[in-house]
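To keep things clear, I will list the structure first and then write my remarks on it.
No value in this document is a laboratory result; all are computed from the given coordinates. What you see is a predicted model, and the numbers here were worked out from it, not measured in a lab. Counting neighbours? That spans all protein chains shown, and the Cβs are built from the backbone with ideal geometry, glycine included.
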Amino acid sequence: MLFLLIGMGVILGGELRSVLKIHPRQVIDALPFWATWLALPVAATSFMVLFQARKRDWLPILIAGFLAIYGTKLGNELFIPRAGFGLGVGTGALLVGLLGNLRFRLWGQPSEVTDLPGILLIVPGSLGFESLHHLLEQETLLGLNTAFAMTTTAVTLVIGLLLANLLLPPQRPRGQTRMRPLA
């Protein structure tokens, strides 16, 4: 329901824009390189508040954010020309999942502390919104193509997490005890 309300808000905003004769810029400038480096520590702090994490979890959450964003960029550069849309997100999810599983195996800390913030940074919510917008604008084919891209990306994200669990299972081998607690 909330998703549809957001879509209707965009339609209403578009109508209001045409009534007021406001014309947005067609070309959007890319953010400077340093913007990501500034945004990720702010995001890690925000996720700590949102998920009520401990102060000592800030650095692992920050590392998960970097792995998610830069793993996705790396995956896009490696896989997009060959395989198509969405595999970069799977690479980011794989790295985030490996971090969470490694953290659990070494220190017994729950992997969700790093998995949730990392995945939230790369989840394809904007594609779903764009798909809904195209469908509401009666651009059915474009809306369905975008919905398919969103679904493919979401499936790739899940496959990345499953592959992380396959490569580095979250449970410790039998008889292994926790190495040392995190400070």
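Quick notes on this structure:
- Taken one residue at a time, the phi angles of the stretch 141-150 give Karplus couplings (6.51, -1.76, 1.60, θ = phi - 60°) of 5, 5, x, 5, 4, 5, 5, 5, 4, 5 Hz. Gly and Pro are set to x.
- Counting every pair of alpha carbons in the stretch 5-80, the share spaced more than 15 Å apart comes to 72 percent.
- Under Karplus coefficients 6.51, -1.76 and 1.60, residue-wise ³J(HN,Hα) of the stretch 90-107 in Hz, glycine/proline x: x, 5, x, 5, 4, 5, 5, x, 5, 4, x, 5, 5, 4, 5, 5, 7, 10
- As a calculated quantity, the FRET efficiency between Leu12 and Leu50 at R0 = 35 Å, using C-beta atoms, amounts to about 0.75.
- Highest-fluctuation residue, Gly14, Gly75, Gly128 considered, GNM on the chain with Cα pairs under 10 Å: Gly14
- Dividing the mean sequence gap of close Cα pairs (under 8 Å, 6+ apart) by how many residues the chain holds gives a relative contact order of 23 percent.
- Cα centroid separation, the stretch 22-78 to the stretch 136-170: 20 Å.
- From largest to smallest, the equivalent ellipsoid semi-axes obtained for the stretch 36-167 from the alpha-carbon gyration tensor read 29, 17, 12 Å.
- If R0 is taken as 35 Å, the Cβ-Cβ distance between His23 and Leu162 corresponds to a FRET efficiency of 0.15.
- Here the 3J(HN,Hα) profile of the stretch 59-73, calculated from phi with Karplus coefficients 6.51, -1.76 and 1.60 at θ = phi - 60°, is 5, x, 5, 5, 4, 4, x, 5, 5, 5, 5, 6, x, 5, 5 Hz, Gly and Pro shown as x.
- Residues Glu130, Glu137 arranged by fewest to most Cβ contacts within 10 Å: Glu137, Glu130
- Largest mean-square fluctuation among Ala35, Ala68, Ala44, in a Gaussian network model of the chain whose springs join Cα atoms under 10 Å apart, belongs to Ala35.
- Most fluctuating residue given options Ser126, Ser111, Ser18, as computed from a GNM of the chain linking Cα atoms under 10 Å: Ser18
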